[in-house]
Every structure is written in structure tokens, then in C-alpha cells.
Amino acid sequence: MTTPVRPTITPLPPVPSRQDPDTFSDKADVFVSALPTFSDDMDDLADYLEALADDVADGQSSLTLDDIDDAVEQSLALFIALQG
């Protein structure tokens with residue numbers, strides 16, 4: 001049994017705002033450029049959570065479903081925080 005390694009989520013850059021038109025275009029370019037990495041990070045997170053759940057279901061882990069729920073809640077909180 002290999003213990004899944006929690007992935008690192010790369011924080012998104014500041015979200016552009018039309019309220020600040022002088023920097024909107026530059027910030028939008030940086031933000032949009034970061035989305036492919038963020039998408040890959042979210043895919044890695046989904047794989048990690050699936051591997052944890054599989055280990056628990058197979059009885060190969062000392063984790064419980066509550067541990068999985070906690071990991072999902074922490075991941076969702078991080079996702080929401082990263083959205084600004």
C-alpha cells in the first residue's frame with residue numbers, strides 16, 4: 001500500500017477588477033495564464049481524494065470516512081479561499 005501524497009495547490013493570482021481599469025488587462029493576462037496550472041492542481045487533488053477513499057474502502061488505511069470528509073472540507077475551503 002502506498003500512502004497518497006497530498007498535492008500542493010498553487011494559489012491563484014489576484015483577480016482582475018474592472019473597478020481598476022489601469023491594471024485590469026495585465027492582471028487578467030496573469031490570472032488566465034494561471035488557470036491551466038490550477039486545473040491540473042484540482043485534477044491532482046481529485047486523484048488524491050479518490051486514492052484516499054479507495055484505500056479506506058479496501059481496508060488498506062487507518063483513515064476513516066470521517067478523515068476523508070475532513071480532507072474534502074479542507075480542500076473546498078481552500079478552493080473557496082483561492083477564489084478571492
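Only the coordinates and a few stated rules stand behind these numbers; no lab work does. Note that the coordinates shown come from a computational prediction; the quantities given were computed from them, not determined experimentally.
If each DSSP helix of 4+ residues adds -39,500 (n - 2.57) and the sum is divided by the residues in the chain, what number results at 222 nm, nearest 500 deg cm²/dmol?
Numbers: 2 runs with 55 residues, N = 84.
It comes out at -23500 deg cm²/dmol, rounded to the nearest 500.
Mean separation of Cα pairs under 8 Å and 6 or more residues apart, divided by the residue count, gives the chain a relative contact order of 32 percent.
Report the normalised scattering of the chain as log10 I(q)/I(0) at q = 0.12, 0.27 Å⁻¹, calculated by the Debye formula with identical scatterers on the alpha carbons. Result of the Debye calculation: -0.47, -1.27.
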